1. Of all residues in region 96-123, how many are of a type outside the set (Lys, Arg), loosely packed, with under 13 Cβ neighbours inside 10 Å and part of a helix (DSSP H, G or I)?
2. Quick test for you: out of ILE128, ILE57, pick the one residue that is out of contact with any Pro (no Cβ under 6 Å at 6 or more places or on another chain), open to solvent by less than 20 Å² (accessible area, probe 1.4 Å) and outside any helix (DSSP H, G or I).
3. For region 66-95, which residues satisfy the criterion of being touching a strand residue (DSSP E or B) at 6+ places or on another chain (Cβ under 9 Å) and in a loop (DSSP other than H, G, I, E, B)?
4. Quick one: which of GLY27, GLY67, GLY48 is at pLDDT below 95 and not hydroxyl-bearing (Ser, Thr, Tyr)?
Amino acid sequence: MAKKVILVDDSKTILATAQMALEDLVGSGGVELVTYLNPAELLDALLGGSENFDMLISDINMPQMNGLDLAASLKADERFKNKPILILTTESSPAMKERGKEIGVTGWMVKPFSDDKLIKAVKMVLGI
């Protein structure tokens, strides 16, 4: 059964780039990729129970909601506490990474990212 990966980013270009990078994983049936432009909409769907994931990949700087706030909200919920969250962002400050670590994010990838690095991260985190 495919592992569900949700990618949330306010940039349609980043969403499209990641979709192309993960195309082979999706095509082989290993991964189901769902994308969101609005993190607040995603949070409502997750907390409301209409959405779920095996791995979440989130940007940080988005107009509707900060990606670290999204991660903190999910980590505070018993259903998502142990689910992996990868941050995909232009932010690389040690303070920002430390906050992510405190929240419990699984990993940090700085944009622009290489397709290979994203594929490797998804495979490693999901064990596929």
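1. First pass over region 96-123, keeping only residues of a type outside the set (Lys, Arg): 96, 98, 100, 102-110, 112-116, 118-119, 121-122.
From what is left, the residues that are loosely packed, with under 13 Cβ neighbours inside 10 Å are 98, 102, 112, 114, 116.
Now narrow it down to the ones that are part of a helix (DSSP H, G or I): 98, 102, 116.
Number satisfying all stated conditions: 3.
2. Details: ILE128 fails: open to solvent by less than 20 Å² (accessible area, probe 1.4 Å).
One residue alone meets the criteria, ILE57.
3. Just the residues of region 66-95 that are touching a strand residue (DSSP E or B) at 6+ places or on another chain (Cβ under 9 Å), to begin with: 67-68, 70-71, 74-75, 80, 83-92.
Selection gives PHE80, LYS83, PRO84, THR90, GLU91, SER92.
4. Numbers: GLY67 fails: at pLDDT below 95; GLY48 fails: at pLDDT below 95.
Checking each option against the conditions leaves just GLY27.
Condition check ((1) within 17 Å of THR89 (Cα to Cα); (2) touching a residue at least 24 places away in the same chain (Cβ under 8 Å); (3) crowded, with 17+ Cβ neighbours inside 10 Å) across all residues:
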site: VAL8; (1), (2), (3): yes, yes, yes
site: MET20; (1), (2), (3): no, yes, no
site: GLU23; (1), (2), (3): no, no, no
site: LEU33; (1), (2), (3): no, yes, yes
site: GLY48; (1), (2), (3): no, no, no
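The values are calculated or read from the model by the stated rules, or taken from the named source; none is laboratory data. Values in this document were obtained by computation on a predicted structure and should not be read as measured data. Cβ coordinates were reconstructed from backbone atoms using ideal geometry, including for glycine residues, and neighbour counts include every protein chain displayed. Note: accessible area is taken over every heavy atom of the protein model, side chains too, but ligands, DNA and RNA are not part of it. Shrake-Rupley method; radii C 1.70, N 1.55, O 1.52, S 1.80 Å.
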